[in-house]
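To start, the structure under review is shown below, and the notes come after it.
The values are calculated or read from the model by the stated rules, or taken from the named source; none is laboratory data. What you see is a predicted model, and the numbers here were worked out from it, not measured in a lab. Here Cβ is always computed from backbone atoms with ideal geometry, including for glycine, and neighbour counts include all displayed protein chains. In case anyone asks, the SASA skips ligands and DNA or RNA and just uses the protein heavy atoms, side chains included. Shrake-Rupley method; radii C 1.70, N 1.55, O 1.52, S 1.80 Å.
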Amino acid sequence: MSFNGKHVAVTGAAGGIGQSLCRHFAEQGATIAALDKSEAVNAFAAELKATGVNVTPSVTDISDKSQVADAFAKLGPIDVLVNNAGFSAHPTFAKTDPEGWDYDISGNLNGAYYCAHAVIPAMKERGGGSIIAIGSVNGLMGLGD
């Protein structure tokens with residue numbers, strides 16, 4: 001499948017799955033918007049650019065709705081959003097305090113919503129787009145980190 005002329009945004013782009021997704025879509029001709037809360041996304045983007053990939057990195061904490069809105073305003077219209085970012089700061093449910101719960105929910109659930117909310121208006125304006133949500137086995141059972 002060709003993604004020539006398509007803009008693909010991948011959250012959690014500095015991690016293993018995120019990097020693989022960015023490479024996959026780039027091999028299919030996509031322009032990549034690589035988002036991650038880690039500065040490591042800049043080094044990864046530089047690596048991709050060195051191979052000729054059109055990529056724009058964005059250090060963005062997707063749990064912060066204003067950071068997400070700002071990032072997507074700068075990145076421009078997105079054709080495909082891959083909500084891949086996810087994390088857990090606690091090893092077990094019993095050791096998760098209410099603040100930790102809020103942190104995990106904000107990054108894993110609210111963050112996916114904030115990103116989708118940011119890209120939908122331009123997708124509707126252009127007549128289409130795709131939003132892909134990557135899930136974790138932690139959604140099926142409490143494995144923790």
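Observations on the model:
Residue-by-condition table, conditions (1) within 19 Å of Leu21 (Cα to Cα); (2) at pLDDT below 95:
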position	(1), (2)
Pro57	yes, no
Val80	yes, no
Thr92	no, yes
Trp101	no, yes
Leu109	no, yes
Tyr113	no, no
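- Restricted to region 130-142, and to residues there that are assigned to a loop (DSSP other than H, G, I, E, B) and within 22 Å of Cys22 (Cα to Cα), the residue that is modelled with the lowest pLDDT is Ser136.
- Spans of helices (runs of 4 or more DSSP H) in region 53-129 with at least 2 residues within 17 Å of Ala33 (Cα to Cα): 65-75, 111-126
- Just one of the listed residues (Thr96, Thr60) is open to solvent by less than 70 Å² (accessible area, probe 1.4 Å) and touching a His at 6+ places or on another chain (Cβ under 9 Å), namely Thr96.
- Subset of region 99-119 that is within 12 Å of Ala69 (Cα to Cα) and not small (Gly, Ala, Ser) - its residue that is most open to solvent (accessible area, probe 1.4 Å): Tyr113
- Annotation: of all residues in region 1-10 being closer than 23 Å to Gln67 by Cβ and out of contact with any helix residue (DSSP H, G or I) (no Cβ under 6 Å at 6 or more places or on another chain), the one that is least open to solvent (accessible area, probe 1.4 Å) is Ala9.
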